[in-house]
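Below: the structure, in structure tokens.
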Amino acid sequence: MEVHLGKLPFDVDFHPSNPLIGVGLITGDLQLYRYAADSQPQRLFEIRAHTESCRAVRFINEGRAILTCSPDFSILVTDVETGAAIARSENAHEAAVNRLVNLTETTIASGDDEGCIKVWDTRQQTCCNTFEAHEEYISDMTFSADSGKLLATSGDGTLSVCSLRRNKVLTQSEFSEDEPLSVVIMKNGQKVICGTQNGVLLLYSWGYMKDCSDRFTSLQSNSIDVLLKLDEDRVITGSENGLISLVGILPNRVIQPIAEHSECPVERLAFSHDKKYLGSISHDQMLKLWDMDELLNGVGMAPTGGQTVATDSDSDIMEEDDVIPPQPNPGNRRRGNNAQPSISEFFADM
């Protein structure tokens, strides 16, 4: 399944329980589609969400609303049923808002182009945490629910760990020439994986974040713009050459390319709520929905060999309660300063 969006997309997100998918466009528009097997996705609405590009899209409040952000400094909440605006913060940040990530059922985080991260509590209708963690734009964020820590990568070449419980930046990695663009947590919380501009995967050990413990270099020299965790041992990568690949972590190996979106860079990847579909967007202005069963059929092929470079990274020993214990496998800003929480009327009308 695929849709020609007509404009360059920046982000895509699936509804947490229904067959709906939202897309943010360079024009500032937000599009919502309903999808079904063996049929063309149906557009439910298209609204002008922002005066500048719509850089990030996330469903919130159990899918009843969509959150979007923009370089116009604003964050908008849109009703999924009607497409009507519920609430808007015109100056949510002091710089262009670049990324959004869901944390819990009632909290989300936003990151801007000057390295500031804010955490919003939708229940209390406030901004409850502000972290001046980086000096350049926030390229990606992910959240460890077990530890209550928010991880972010930045154009300043570093990875940061922020504690929501302590309201402080716990640690920040050394500068890396392999500029990190994407981040996921794997191996039951023991490893942090960063995709980089140079096509290298950086592996960090939880609790030792100053320097990476491994560098995986077998994805050629193509920028790894997006990472999507499939399970604790495998991650899906989207690269600037348009390839979508399945990669194993520890042992590190390229299992195989599973799709080619186009010759244009893969901008974002996302799973449907049941992981039946993989959504991809690219500079070709196309939204594509891939059947995961078909993509993973034949994944048992011989893996592509890879080069792993191990490094010594014991210089950043965090406090004992900052380390996640192993779990059984179940299914120019000030750096490190903590600003006082600010109050916003952002969610007052929700």
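The values are calculated or read from the model by the stated rules, or taken from the named source; none is laboratory data. The model shown is predicted, which means the values in this text are computed figures rather than measured ones. Using ideal geometry, Cβ is built from the backbone for each residue, glycine included, and neighbour counts are taken over all protein chains shown. The accessibility values were calculated without ligands, DNA or RNA, using every heavy atom of the protein model including side chains. Shrake-Rupley method; radii C 1.70, N 1.55, O 1.52, S 1.80 Å.
Pick out, from segment 153-195, the strands (runs of 3 or more DSSP E) lying fully within it that include 2 or more residues that are touching an Asp or Glu at 6+ places or on another chain (Cβ under 9 Å) and of a type in the set (A, V, I, L, M). Explain how you work it out, then say what you get.
On the way: elements: 159-163, 168-172, 180-186.
Answer list for segment 153-195: 168-172, 180-186.
Among the conditions (1) open to solvent by 10 Å² or more (accessible area, probe 1.4 Å); (2) of a type in the set (G, A, S); (3) within 15 Å of the chain's Cα centre (by Cα); (4) within 13 Å of D211 (Cα to Cα), the only one that S160 does not satisfy is (1). Among the residues of segment 260-276, count how many are buried (at least 17 other Cβ atoms within 10 Å of the Cβ) and farther than 22 Å from C194 by Cβ. Count: 1. Taking only segment 201-225 into account, find how many residues are open to solvent by 10 Å² or more (accessible area, probe 1.4 Å), of a type outside the set (G, A, S) and over 25 Å from G148 (Cβ atoms). So the count comes out to 7.
For every residue, the table says whether it meets (1) under 24 Å from A270 (Cα atoms); (2) out of contact with any Gly (no Cβ under 8 Å at 6 or more places or on another chain).
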{"position": "H134", "(1), (2)": "no, no"}
{"position": "A145", "(1), (2)": "yes, yes"}
{"position": "A152", "(1), (2)": "yes, no"}
{"position": "V161", "(1), (2)": "yes, yes"}
{"position": "L164", "(1), (2)": "no, no"}
{"position": "P180", "(1), (2)": "yes, no"}
{"position": "N188", "(1), (2)": "yes, yes"}
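The residues in segment 106-134 that are within 17 Å of the chain's Cα centre (by Cα) and open to solvent by 10 Å² or more (accessible area, probe 1.4 Å) can be counted, and the count is 3. Applying the criterion of at least 2 residues that are of a type in the set (S, T, Y) to the strands (runs of 3 or more DSSP E) found wholly in segment 256-298 leaves 277-282. The residue list E52, E81, E62 contains one member that is of a type in the set (D, E) and either open to solvent by less than 60 Å² (accessible area, probe 1.4 Å) or not in a loop (DSSP other than H, G, I, E, B) (or both), which is E62. Residue-level check: of (1) farther than 13 Å from A109 by Cα; (2) touching a Ser or Thr at 6+ places or on another chain (Cβ under 9 Å), R166 misses just (2).
In the condition set (1) modelled with pLDDT under 95; (2) open to solvent by less than 20 Å² (accessible area, probe 1.4 Å), H15 is compliant with all but (1).
Given the conditions (1) under 24 Å from C212 (Cβ atoms); (2) part of a strand (DSSP E or B); (3) out of contact with any helix residue (DSSP H, G or I) (no Cβ under 9 Å at 6 or more places or on another chain), and given that V119 satisfies all but one, which numbered condition is not satisfied? V119 satisfies every listed condition except (1). Beta carbons closer than 8 Å, at least 6 apart along the sequence or on distinct chains, pair a first residue in segment 81-110 that is over 19 Å from E136 (Cβ atoms) and among the small types (G, A, S) with a second that is open to solvent by 50 Å² or more (accessible area, probe 1.4 Å) and not in a loop (DSSP other than H, G, I, E, B) for G83/L44.
Go through segment 221-253 and count every residue that is in a loop (DSSP other than H, G, I, E, B), in contact with a strand residue (DSSP E or B) (Cβ under 9 Å, 6 or more places away or on another chain) and closer than 21 Å to G157 by Cβ. Reasoning before the result, please.
Residues of segment 221-253 that are in a loop (DSSP other than H, G, I, E, B), as a first pass: 221-223, 230-233, 240-242, 249-252.
Add one more test, that the residue is in contact with a strand residue (DSSP E or B) (Cβ under 9 Å, 6 or more places away or on another chain), and what stays is 222-223, 230-233, 240-242, 249-252.
The next check asks that each one be closer than 21 Å to G157 by Cβ; those that pass are 222-223, 240.
Residues that pass the stated criteria total 3.
crowded, with 22+ Cβ neighbours inside 10 Å and under 14 Å from the mean Cα position of the chain (by Cα): is that true of S173 in this structure?
Working: crowded, with 22+ Cβ neighbours inside 10 Å: yes; under 14 Å from the mean Cα position of the chain (by Cα): no.
Against the criterion (crowded, with 22+ Cβ neighbours inside 10 Å and under 14 Å from the mean Cα position of the chain (by Cα)), S173 does not qualify.
Going by the conditions given, is E46 at pLDDT 95 or above, over 24 Å from L228 (Cα atoms) and either β-branched (V, I, T) or not in a strand (DSSP E or B) (or both)? So E46 fails the test. Every listed requirement among (1) surrounded by 17 or more Cβ atoms within 10 Å (Cβ to Cβ); (2) of a type in the set (V, I, T); (3) more than 19 Å from V12 (Cα to Cα); (4) out of contact with any His (no Cβ under 9 Å at 6 or more places or on another chain) is met by V97 save one, (3).
When we screen R268, R253 for residues that are of a type outside the set (D, E) and under 24 Å from M1 (Cα atoms), the only hit is R268.
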